[in-house]
Structures are given as C-alpha cells and as structure tokens.
Amino acid sequence: MPLAFLLHEGSPNDAKLFYQILKELKKRRIIREGDILIADKGYYSYKNYLKGITRFRIVPLIFPRKNFNLSRALGLFSYPLDVFCSNSLRKDIFIKLVRKFREMILKWERYRSIRSRMEDLFKLANNAFSLDKLHRYTKKSVKKFAGLNVLLLGMVVSMGIRKKEELHRLVYM
C-alpha cells in the first residue's frame, strides 16, 4: 500500500479543505483505492476520517488531537446506508479499510518520525537548494528550476543522507 503525505502550509485548521484536496488528488491519480494518507493535525475531524474511507476508499491517518476519542471515531464506521446510493463501496473493502485505519490510528505516534523527516526534506529543498526563492515567470523556467532542485534532493537522499542530524547540517550550512 503506497503512502501519501499531506503537509500543507496554511491556517491551523484546514479540516474544511480536506475534501477538496482529496478530490484533487484523486482527479490527478495521486491517490488510489487502498492507499494510506498521512495528514497533519490541521485536517483533524471525525467526518474527514469517514470521508476518506467511504468516498475516496483510502485509509486517512490524520494525526489526532488531544481530545481524540477512538470509540467515537469508530462509531462513525458502521456501514453507512448512503454508500448504496453512490459508487457502491463493497462491504468487504469497507471493513478492510476500517480495520487498517484502526490498526494505524492506535499506533499513530510511530508515524511522527516520518512526518518529521518529510519536513526536514522540505526545509532542505527550500533553504539549501533555494527553492523558496522561486522568482521565475514562465512555466518552462519553473520546471527547470524545480526539477533541478528535486534532482539534487533525490541525490542527497540516495547518497545515504537520511538521518535528522545530517539533514540539519545540510539545511543550516
């Protein structure tokens, strides 16, 4: 199952944007059925867990807030009747996604380190490879500049520089 990460700079409460973002990711075929989407606390909402599973058929691992109630979240996951009217999410797929969600949400703290590494890679791309100073005006020049930065970032990762300390050294040189 492929993982997708949803890190988005914006307001502290982006829960209202979750549906539009998933719709766009589905349209671009970035997420597919059965994928796992790891999202930040800003997208936290019990309804977003349900939307991810029923409408987009993914496992939405949105980092929970302090007042998270697992029984309330799982209470939403009784096989909903409105699913019969839509694209007919089969019950076996629904149960499999809910089971995977339950396993992952109980151990969500294990995924914090992955999120932290992703943020470090974004900082590296922005600071060390000056992706934050993207003063380009044509689509072609933006593609060249961003492509070069992604290539450099890929080379850094492929060279084995994956530890947090090594990334920080590169970012803050």
- Message: For a quick check of your reading of the model, give me the residue pairs whose first member lies in the stretch 143-155 and is in contact (Cβ under 8 Å) with a residue 40 or more places away in the chain, whose second is outside any helix (DSSP H, G or I) and open to solvent by 60 Å² or more (accessible area, probe 1.4 Å), with beta-carbon atoms closer than 9 Å and at least 6 apart or on different chains.
- Response: none
- Is it the case that the stretch 2-16 has a residue that's at pLDDT 85 or above and in a helix (DSSP H, G or I)? no
- Output the number of residues of the stretch 47-67 satisfying the condition of being open to solvent by 30 Å² or more (accessible area, probe 1.4 Å) and touching a residue at least 24 places away in the same chain (Cβ under 8 Å). 6
- Task: Within the stretch 97-112, track down each residue that is more than 24 Å from K164 (Cα to Cα), in contact (Cβ under 8 Å) with a residue 24 or more places away in the chain and open to solvent by 100 Å² or more (accessible area, probe 1.4 Å).
- Result: R102, L106
- Message: Which condition from (1) among the basic types (K, R); (2) at pLDDT 85 or above; (3) under 23 Å from R99 (Cβ atoms) is the one that K23 breaks?
- Response: (3)
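The values are calculated or read from the model by the stated rules, or taken from the named source; none is laboratory data. Note that the coordinates shown come from a computational prediction; the quantities given were computed from them, not determined experimentally. For neighbour counting, all protein chains shown are included, and Cβ atoms are generated from backbone atoms with ideal geometry for every residue, glycine included. Please note that ligands, DNA and RNA were not included when accessible areas were found on the heavy atoms of the full protein model with its side chains. Shrake-Rupley method; radii C 1.70, N 1.55, O 1.52, S 1.80 Å.
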